[in-house]
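Every number in this text was worked out from the coordinates using simple rules, so none of it is lab data. Since the model is a prediction, treat every value here as computed from it, not as a measurement. Every residue, glycine as well, gets a Cβ built from its backbone with ideal geometry; the counts of neighbours run over all protein chains shown.
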Amino acid sequence: MSVGRAYAFPPEKWEARKKLRKLSWLSIGSLLLAAVVIGLTVGQSQAMKTAWLSDILTAVPPLALLISLRYELREPSERFPEGYARAISVAFLVTACVLTMIGLYLLYDSTMKLVHREHPPIGTIVLFGHQLWLGWVMIAALTFSAAIGFTLGKLKTPVAKQLHSKALQAEADMNRAEWLSEGAAIVGIVLVAFGLWWGDAAAAAFISIEIVRDGWKNIRQVIGDMMDESPTKLGERKLEPLPYRLRAEVRQLPWVKDAAVRLREHGHTVTGEVFVVPRRDGLSAEQLLQETERTAERLQRADWRLHGLMVVPVRALEETSPPRVAQREESRDAAD
C-alpha cells in the first residue's frame, strides 16, 4: 500500500516530464519575446494593447506550472499527509482567476472605446530612411506572435497526452488560440486602414472574450479537481472508464463477491478507494489483509497515474450500479 509516500513518476514517463519542464521555459521565453516585439509597435491601437497583454498573460500558466512541479513530488508531511500532488491545481486556480479578471477588464475597456467612438490614430514611422505606415509593422509583429503561439500548441499537445496533463493541455489550447487573437488584431488594423474606426476596438473585444473564455475554462476544470471530480478524459468533460475497469477487474477475483470504486484526480495523479464485499468462505483476518494488499498492488499497475489506492473490505454496498450515462461510456470505450 502506497500510503504516506510521495508519488513517483514511472521511469518511462520521466522523459516526458523533462520535456514538460523544457516546454514551460520555452513558452515563457518565447511569449515574453513576442510581448516585447508587440510592445514596441503598440502605438495607440487598442487591439495591439490587448494582444500585448494577452501574450504576457499566456506566459503566466507555464510559470505557475514550473513552480508547482517543484512541490508536486515532495514527501507528505504532518501538515499535508496526502502530499503535494494538488500544487498544480492550486497554481492554475490562481492563474485562471487572474486571466478571467484581466480579460473582463480589457473587454470593458474596448467596449467603452466603441461606445465613445474613439478613433485610433495609426501613424507612420521612419525606418532605414524610409517613411513606413505603422500598421505594416504592427501586422508583422502580430504574425510573429501568432506563429509562436501556434508552434507552442503543436509541441505541447503530444506531451500532454503522454502525461495526461490537463494543465499542459489547457496551455496548448490557449497557445493554439493565439493565432485567432492575433488574426483578429490584424483584421482590426486593416479595417482602420480602410477608414473603419471601429475595427480596432472590435478586434480588442474579440481578443478579450478569448482571454475570458480561457480563464473560465481553466476555473471550471480546477474547481472540478478540487471538488474530487471523477477522472475525466483529457481535454473533455466526459468521465474516464478507469473506475469501471478497476471494478470489473476486482469482481473477477475469487475472494470478492462485489465491489465499487471511487476515484479522484489530484494533479497528475489519481487516488481513491476500492470497496469490496468478501465472499463468506472463512477468510481469516490475516488472509483478508494479505488479499487486500495484493489487490491494491495489482490494481495500481492498471494505470501509471494511480497512487495511494486503498482496498477497503465492507459488509455491503449501498449502490453497485453506475449511472446509465457511465454505462454507455464504458460500453462505447470497450467496443473501441
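Of the peptides 43-50, 30-37, 10-17, the ranking by mean beta-carbon count within 10 Å, highest at the top, reads 43-50, 30-37, 10-17.
Mean-square fluctuations from a GNM of the chain, with a 10 angstrom spring cutoff on Cα atoms, peak among F194, F150, F206 at F194. Normalised size of the chain, defined as Cα radius of gyration per 2.2 N^0.38 Å with N residues, equals 1.27. Rounded to the nearest 10 degrees, the inclination of helix 166-193 to the longest alpha-carbon principal axis of the chain is 20 degrees.
Each peptide in 281-294, 82-95 was scored by the mean count of other Cβ atoms within 10 Å over its residues; highest first, the order is 82-95, 281-294. Calculated FRET efficiency, E78 to M226, Cβ-Cβ distance, R0 = 30 Å: about 0.85 to the nearest 0.05.
Express the relative contact order of the chain as a whole percentage, based on alpha carbon pairs under 8 Å and six or more residues apart in sequence.
On the way: 513 pairs, mean separation 64.5, N = 336.
Reported relative contact order: 19 percent.
In deg cm²/dmol, rounded to 500, what helix-only [θ] at 222 nm does the chain give when every DSSP H run of at least 4 residues adds -39500 (n - 2.57) and the total is split over its residues? The partial results should precede the final answer.
Values: 10 runs with 209 residues, N = 336.
So the calculated ellipticity at 222 nm is -21500 deg cm²/dmol.
Stretching the chain fully between R262 and A140 yields a gain of 38.7 nm (0.36 nm per residue, less the alpha carbon separation).
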